[in-house]
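Peer 1: This is the structure I have questions about; it appears just below.
Derivation of every value follows stated rules applied to the coordinates shown; laboratory data play no part. Keep in mind that what you see is a predicted model, and the values were worked out from it rather than measured. Methodologically, a virtual Cβ is constructed for each residue, glycine included, from the backbone with ideal geometry; neighbour enumeration extends over all protein chains shown.
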Amino acid sequence: MPRVNYVNELNTLINDVRVVGAQLEETMDKVIQNLDDKNAVLAKSIRKADKQFNEREHNIMEKCLTLVLTQAPVATDWREIASIMEMVIDIERIADHCSDISKYTALLSELSPVQIPDYFYSMVDVTREMLHNSVMCFSENDAELAKKIIATDDVVDNYFSRYRKDIVEFIKANPENTEQYINYLLIAKYIERIADHTTNIAEWVIYIAKSELSI
């Protein structure tokens, strides 16, 4: 019976992570849409919702610790629980970055529009796909998809490196728009950090599935 209880509680925990992952995807979609709309009210609501992700992280962590203390998991089980604890930290960090992006989106709503590198949204789209795949690979315990996410992180890094250099050139050519360009550079940095956190999630999925850890 104790083992049955443990499996049930673990399945509930895994489902909690799936739910918060889906909610994070919805938030990310709002953030991306608002990069175009620059709706200050929506940006504020996204930032306000960040508190909910903090609470969800705390609740999942609490369940993980309770499971460890009450069910005495074996080594394989502990590997999964420890990985989930690390994953929810990354999920919460991604939520933080969504809030950070929204802060600068709100600032941009008060400034005149400027031209930015045309591949900016390609970088955003790749990162959005990485987030979706990180939720999917956890849900399906898919190590191969996790490896794809890890490989894709280099694509985002390359975009950001190029973007940073181009933004410097935009500032030189249009110094009167320096504030806008700095805001866009910070947004791009948070996008790049989101990609890093999805990569971390993928690493933990591989650890669960194959006992291989490179973090």
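Peer 1: Among Lys44, Lys30, Lys165, determine the one that fluctuates most according to a GNM of the chain built with springs between C-alpha atoms less than 10 Å apart.
Peer 2: The residue that fluctuates most here is Lys165.
Peer 1: Assuming R0 = 25 Å, what is the FRET efficiency of Thr76 and Glu129, from their Cβ-Cβ distance, to the nearest 0.05?
Peer 2: 0.25
Peer 1: Additional query: Run lengths n ≥ 4 of DSSP H only: what is the helix-derived mean residue ellipticity at 222 nm for the chain, with -39500 (n - 2.57) per run over all residues, to the nearest 500?
Peer 2: Computed mean residue ellipticity for the chain: -31500 deg cm²/dmol.
Peer 1: Quick one, can you get me the convex hull of the C-alpha atoms of the range 2-210 expressed as volume per residue in Å³?
Peer 2: Value for the range 2-210: 98 Å³ per residue.
Peer 1: For the range 128-133, just list the computed ³J(HN,Hα) in residue order, Karplus coefficients 6.51, -1.76 and 1.60, θ = phi - 60°, integers in Hz, with x standing in for Gly and Pro.
Peer 2: 4, 5, 4, 4, 4, 5
Peer 1: For the chain, with a Gaussian network of springs between Cα atoms less than 10 Å apart, report the residue from Ala72, Ala82, Ala146 with the top mean-square fluctuation.
Peer 2: Per the Cα network of the chain with a 10 Å cutoff, Ala72 tops the list.
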